[in-house]
Structure formats: structure tokens, C-alpha cells
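Engineer: If you scroll down you'll find the structure; I have some questions about it.
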Amino acid sequence: MDDAVKTIREAFVEASSFLNRHGVEEAALSGEMLLQHLLGWSRSKLLLNWRDPFPEDLELEWQKLLGRRATGEPVQYIIGEEGFYGLTFKVTRAVLIPRPETEILVQEIVFRGKRLFSSLDGTGSAIKPLLADIGTGSGAIPVTAVSQCPEWTAVAVDISPAALAIAKENAERNAVAERVRFLEGDLLEPLIREGIGPDILVSNPPYIPSRDLHDLQREVRDYEPHLALDGGKDGLIFYRRLVDGLERLTKRPRLVGFEVGMGQARDVAAMLKEAGGYRTVDIVKDLAGIERHVLAEA
């Protein structure tokens, strides 16, 4: 092979170095993901063909991708998708990028929901719960939940029409569109308006205190939607509104699950305890040991 020809591995090394110089965290991972996207290859194929020549006709596009990442734009927005709970979700700047810690919330909801709704109803049929996700964004929570539980249905609510459009695409992409209904509106208002009483209520609402937004890492601060980040003065405004609104639903959900910010779990748990009607209110930690989720069961 001509020594002057750049290999795919050399392109990766150059990209990692370039992104490092521009302050990109996990530069090597970014370079690898962008290479997979550019070439349309899986990770295994990329590694197997590490020594192949880098396609010259893709050099200009490669430099554009690296330039976007160097400014701080998240890889997920550049390639247009993110994995979550074994599924693939389309993401754009209209929605937050699904996080690994939210997978734990879904895991808890599915586990507890199956236990709570495994009994038979008055007619002798198995209970088929309705889950409502408030502030659905990409739709990762309801789409994953009904994918894991074929007997469940879901309602996905968001105030952003652009976010709902992405969530609908993701329901179609993951073959659950017939079991997820989408409603536009503010928090619980669409459920109240439509007379919908969910059995399970889930939300990962905005929880960053307004004063802390400018301190977020640039990938989040400069690219992810502030509508989905800003939780008001203390970061708790949406939890208060959600808990206060529970009594306005046609029935109180038997299972409630919230994702919360660092240091907020105890306050949110106290809100649910004060609201009454729940026999247990638990706090669940994420993999970093942070109290990240609050689960209440009636």
C-alpha cells in the first residue's frame, strides 16, 4: 500500500487528536461514532477494516462532521440518533438526548408495573395498564415501556409540537405506534381535558435551576432545548405542579415515577408523601450512586 494513503485507523487517530485539542470530552469515542456514521458501518466492521484506505471522496464530509463536533455539538445530534434500552431513537435539537440514567427509571416502572398489574380485574381478565409520560421529548420512556410490555398502552404528552413529531417517528420506528397516543399541551392539562386517568404516571421534567443553566457543559447548554432543561428558580417547579395536579385526574395513578436532579430526590419524595394516597415512596439511585428517581406506589 502506498504510504501516502491515509488508513481508516489514521483518520481515527487524527480525529481524536483534533477533537481533544478542541476540548471535546471522550474525543476517541466521538471519533469512532462519527466514523461509523460516515461509513455506514457497525463497530465490528470498522475494527475489522481498520487498515483499509480511508475513502478520499468522503474526506470533505468527514471534515465537516469533525468541525461540528469540535464546536461542542453532541454526536447524537450530528448522526441523528441515540440508543436507549436496546432500541434506537431519532434525536434532533428539538428533544433532549436520552440518558442512561433514564433507563433505570424505565426499568423500575416496568418491574413495578408488572407486579402491580399482574392480577385480574373484576371480569377475570388481566389488567392492561395505561402509562402516561409527561414531557415525553423523544418518546424514549413510553416507547420503551410498551415495547417491554406488549399488553400496555401509553399516552405521551409534550408542550412542544416539534418534540411530539419526533416522538411519533420513534414510536413508528420501534413498531409501537398503534399503542401510543400523543397529546400536545402543558403537563397534566391534556389528560384532564380528555378525561384520561392513567394507571402509571411517569415524568422526567426540566429540573435544572435557572441560575445553573449557564454552568452546564457546552454540549447541553448550547445545543439541547432549554425548554426541556429549565426547572425554574429551584428546579422543582414542575414537580410541584405535577403532584398538585394528581387530584384533578379522573383517578389517581397507582404508580408514579419521576426522574430528578442531584439533591432533589428527598424534596420530591416529600411532595408525594404530603399529597397522600401512596403507601410507599421510594428513592432509587443511579449507577453513580446519585439519588435519581422517586417512585410512589398506591
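The values are calculated or read from the model by the stated rules, or taken from the named source; none is laboratory data. If you're wondering where the values come from, they're calculated on a predicted model, not measured in any experiment. Reconstructed Cβ throughout: ideal geometry from the backbone, glycine too, with neighbour counts over all protein chains shown. For the accessible areas, the whole protein counts, side chains as well, though only heavy atoms, and no ligand, DNA or RNA atoms are used. Shrake-Rupley method; radii C 1.70, N 1.55, O 1.52, S 1.80 Å.
Engineer: Relative to the present Cα-Cα distance, how much length would full extension add between Glu56 and Glu151 at 0.36 nm per residue of separation?
Structural biologist: Fully extending the segment from Glu56 to Glu151 adds 29.2 nm.
Engineer: Check the chain and count each lysine pair with an alpha-carbon distance under 22 angstrom, considering only pairs eight or more places apart or from different chains.
Structural biologist: 11
Engineer: Hey, any idea what % of the chain's accessible area is carbon plus sulfur with a 1.4 Å probe?
Structural biologist: Percent of accessible area from carbon and sulfur atoms in the chain: 50.
Engineer: Order Phe117, Phe238, most accessible first, counting only protein heavy atoms with a 1.4 angstrom probe.
Structural biologist: Phe238, Phe117
Engineer: How big is D, in µm² s⁻¹, for the stretch 79-120 by Stokes-Einstein at 4 °C and 1.567 mPa s if Rh is the Kirkwood radius over C-alpha pairs?
Structural biologist: Here the translational diffusion coefficient equals 108 µm²/s.
Engineer: Bins of 5 Å, beginning at zero and ending with the bin holding the largest distance: percent of Cα pairs per bin for the stretch 80-150, please.
Structural biologist: 3, 15, 25, 22, 14, 9, 6, 4, 2, 0
Engineer: Taking the inverse of the average 1/r across all pairs of different Cα atoms in the stretch 107-185, what Kirkwood radius in Å do you get?
Structural biologist: 12.8
Engineer: Identify the residues of the stretch 241-274 with backbone N under 19 Å of a label point that sits 7 angstrom from the Cα of Leu29 along the Cα-to-Cβ direction, or state none.
Structural biologist: Backbone N within reach: none found.
Engineer: Taking only the alpha-carbon positions of the stretch 1-45 and ignoring solvent, what does the Debye formula give for the base-10 log of I(q)/I(0) at q = 0.16, 0.20, 0.30 Å⁻¹?
Structural biologist: -0.45, -0.66, -1.04
Engineer: Hey, another quick one. So if each residue of separation counts as 0.36 nm, and I subtract the Cα-Cα distance between Tyr223 and Ile159, what length gain in nm does that give?
Structural biologist: Additional length available on full extension: 21.2 nm.
Engineer: Still on this structure, please answer the following. Test of understanding: given the chain, find the longest segment containing no GluC sites (Glu not before Pro) that are in a DSSP loop and have at most 15 other Cβ atoms within 10 Å.
Structural biologist: It runs 152-298.
Engineer: Please get the size of the charge dipole for the chain, origin at its Cα centre, with Cβ charges of +1 on Lys and Arg and -1 on Asp and Glu, quoted in debye to the nearest 20.
Structural biologist: Dipole of the chain, to the nearest 20 debye: 920 debye.
Engineer: How much area per residue is accessible in the stretch 21-105 when the probe is 1.4 Å and only protein heavy atoms are counted (Å²)? If you can, show how the numbers build up before the last one.
Structural biologist: Numbers: 4380 Å² over 85 residues.
Counting only protein heavy atoms, the per-residue value for the stretch 21-105 is 52 Å².
Engineer: Still on this structure, please answer the following. Determine, from the Cβ-Cβ distance of Arg279 and Lys45 and an R0 of 51 Å, the FRET efficiency 1/(1 + (r/R0)^6), rounded to the nearest 0.05.
Structural biologist: 0.50
Engineer: Would you mind calculating the relative contact order of the chain from Cα pairs under 8 angstrom and at least 6 residues apart, reporting the percent as a whole number?
Structural biologist: 13
Engineer: Going toward the positive end of the dipole of the stretch 1-132, with +1 on Lys and Arg Cβ and -1 on Asp and Glu Cβ, which of Ile8, Leu87, Leu58 do you reach last?
Structural biologist: So the residue furthest toward the plus end is Leu87.
Engineer: Any idea what diffusion coefficient the stretch 213-298 gets from Stokes-Einstein, in µm²/s, Kirkwood Rh on alpha carbon pairs, 10 °C, 1.306 mPa s?
Structural biologist: Details: Rh = 14.1 Å.
This corresponds to a translational diffusion coefficient of 113 µm²/s.
Engineer: Turning to a different aspect of this structure: Cα atoms only, the stretch 189-257: Rg and Dmax in Å?
Structural biologist: 14.6, 42
Engineer: Leaving ligands, DNA and RNA out of it, work out the accessible area of Leu48 with a 1.4 Å probe and give it in Å² to the nearest 10.
Structural biologist: Using a 1.4 Å probe on the heavy atoms, I get roughly 150 Å².
Engineer: For the stretch 140-297, what value does the Rg/Rh ratio take when both radii are computed over Cα atoms and Rh is the Kirkwood radius, given to two decimals? The partial results should precede the final answer.
Structural biologist: Working: Rg = 15.8 Å, Rh = 16.6 Å.
Value, to two decimals: 0.95.
Engineer: Given Cβ point charges of +1 (Lys, Arg) and -1 (Asp, Glu) and nothing else, what value in debye, to the nearest 20, does the dipole of the stretch 145-298 about its Cα centre take?
Structural biologist: 380
Engineer: In Å and whole numbers, how far do the C-alpha atoms of the stretch 3-138 stretch along each principal axis, longest first?
Structural biologist: 76, 30, 22
Engineer: Give me the one-decimal nm value for the distance between modelled label points at Arg193 and Glu14, 7 Å along each residue's Cα-to-Cβ direction.
Structural biologist: 5.4
Engineer: Sticking with this structure for a sec: Find the all-direction average of the projected area of the Cα convex hull for the chain, expressing the result in square nanometres with one decimal place.
Structural biologist: That works out to 17.4 nm², a quarter of the Cα hull's surface.
Engineer: Starting from the Cα-Cα distance between Lys64 and Ala288, subtract it from 0.36 nm times their residue separation and give me the gain in nm to one decimal.
Structural biologist: Full-extension gain reported as 77.2 nm.
Engineer: When only DSSP loop residues count, what trypsin sites (Lys or Arg not before Pro) in the stretch 204-280 have their Cβ near at most 11 other Cβ atoms within 10 Å?
Structural biologist: Numbers: sites: Arg211, Arg218, Arg221, Lys233, Arg240, Arg241, Arg248, Lys251, Arg254, Arg266, Lys273, Arg279; in loops: Lys233, Lys251, Arg254, Arg279.
Those satisfying the criteria are Lys233, Lys251, Arg279.
Engineer: Taking amide hydrogens as modeled 1.01 Å from N in the peptide plane, which residues meet the under 5 Å criterion relative to Leu201, leaving out close sequence neighbours?
Structural biologist: So Leu201 has HN proximity to Ala132, Leu255, Val256, Gly257.
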